[in-house]
């Protein structure tokens, strides 16, 4: 893509976002994944058969997404170059999720500021997979901050990097990988075998973006706080705690954010009533609150702008 195309795609996401009623490739992918998963659970009782089926889907869906994106752009270009360019920009815009992430974070923040803990729990429940019905305010804030940091990679920075390197079809293929991991890349009984390949592919695809995102978060903290101290603290916590998370990637942006905010992330979560203990990241210099949700949103936005600037410079060169 040209630098102007990238700016247009980012603007499309910033203005349009992800309205519930608008057709969106990720929703189509989600419905397909859910349908295939149901069929596999019903007809593949063995561990090996589920792993094979999951591997086919992990490879097939991103390849199909890439081909669909390329075909749509080629078809538009065959009619007129401007139409092809427009299709490419729209597809690219749908792979970016900055607006959606910010909207969800603001919903949590607004509910907490209004003193409505129940609404805040419901809002953060749309961002995370953990149980949120009984979370106290600090835990609601923690859930939001962790998701903002993690989603900064797989929802914002990573698709932008793939967009710059391989164009809209590559970014669309990445979204297929990310969607697969979010839906079936879990370790519970229903997904452990079927989602194994999807989880591994997502680990591979996000390896570089997660580390780029983490250091962008650290750098952005200095601009948000207008101080070098958060940058140093973020970098130190990233180096100290970034590899503690079970995921080879998720812990990097979360550790960087924990250091930037001077808070502690990780700990105990409940999923379907089951207690899951995760390593803690960062130092508890302050109790998590709505202020940290707002600051995390600002940091990710600045990191995104820095990534856009770096991408434009790369493309111009």
Pairs, please: C-beta under 8 Å, at least 6 apart or cross-chain, first residue within 17 Å of residue 291 (Cβ to Cβ) and in the stretch 116-137, second part of a loop (DSSP other than H, G, I, E, B)?
117/136; 124/132; 124/135; 137/289
Test of understanding: among 68, 75, which residue is modelled with pLDDT of 95 or more, closer than 27 Å to residue 206 by Cα and surrounded by fewer than 19 Cβ atoms within 10 Å (Cβ to Cβ)?
68
Given (1) closer than 25 Å to residue 163 by Cβ; (2) in contact with a strand residue (DSSP E or B) (Cβ under 9 Å, 6 or more places away or on another chain), where does residue 278 come up short, assuming only one miss?
(1)
Flagged in the stretch 90-103 as part of a helix (DSSP H, G or I) and either crowded, with 22+ Cβ neighbours inside 10 Å or free of Cβ contacts under 8 Å to residues at least 24 places away in the same chain (or both), in numbering order, are 91, 92, 93, 94, 95, 98, 101
Hits in the stretch 137-188 - residues which are in contact with a strand residue (DSSP E or B) (Cβ under 7 Å, 6 or more places away or on another chain) and closer than 28 Å to residue 310 by Cα
145, 146
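Which residue out of 305, 239 is without any contact (Cβ under 8 Å) to a residue 12 or more places away in the chain, under 18 Å from the mean Cα position of the chain (by Cα) and not in a loop (DSSP other than H, G, I, E, B)? Walk me through it before giving the result.
Values: 239 fails: under 18 Å from the mean Cα position of the chain (by Cα).
Sole residue among the options that is without any contact (Cβ under 8 Å) to a residue 12 or more places away in the chain, under 18 Å from the mean Cα position of the chain (by Cα) and not in a loop (DSSP other than H, G, I, E, B): 305.
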I need a count of the residues in the stretch 220-236 that are surrounded by fewer than 18 Cβ atoms within 10 Å (Cβ to Cβ) and in contact with a helix residue (DSSP H, G or I) (Cβ under 7 Å, 6 or more places away or on another chain).
3
Criterion violated by residue 314 - all others in (1) over 23 Å from residue 125 (Cβ atoms); (2) touching a residue at least 60 places away in the same chain (Cβ under 8 Å); (3) buried (at least 22 other Cβ atoms within 10 Å of the Cβ) satisfied
(3)
The stretch 33-51: number of residues that are without any contact (Cβ under 8 Å) to a residue 60 or more places away in the chain, in contact with a helix residue (DSSP H, G or I) (Cβ under 9 Å, 6 or more places away or on another chain) and surrounded by fewer than 16 Cβ atoms within 10 Å (Cβ to Cβ)
3
Among the listed residues 25, 19, 62, 3, which satisfies the condition of being free of Cβ contacts under 8 Å to residues at least 12 places away in the same chain and either in contact with a helix residue (DSSP H, G or I) (Cβ under 9 Å, 6 or more places away or on another chain) or surrounded by fewer than 14 Cβ atoms within 10 Å (Cβ to Cβ) (or both)?
19
Selection status of residue 68, in a helix (DSSP H, G or I), more than 18 Å from residue 152 (Cβ to Cβ) and over 17 Å from the mean Cα position of the chain (by Cα)
yes
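The values are calculated or read from the model by the stated rules, or taken from the named source; none is laboratory data. Everything numeric here is computed off the predicted structure, so don't read it as measured data. Reconstructed Cβ throughout: ideal geometry from the backbone, glycine too, with neighbour counts over all protein chains shown.
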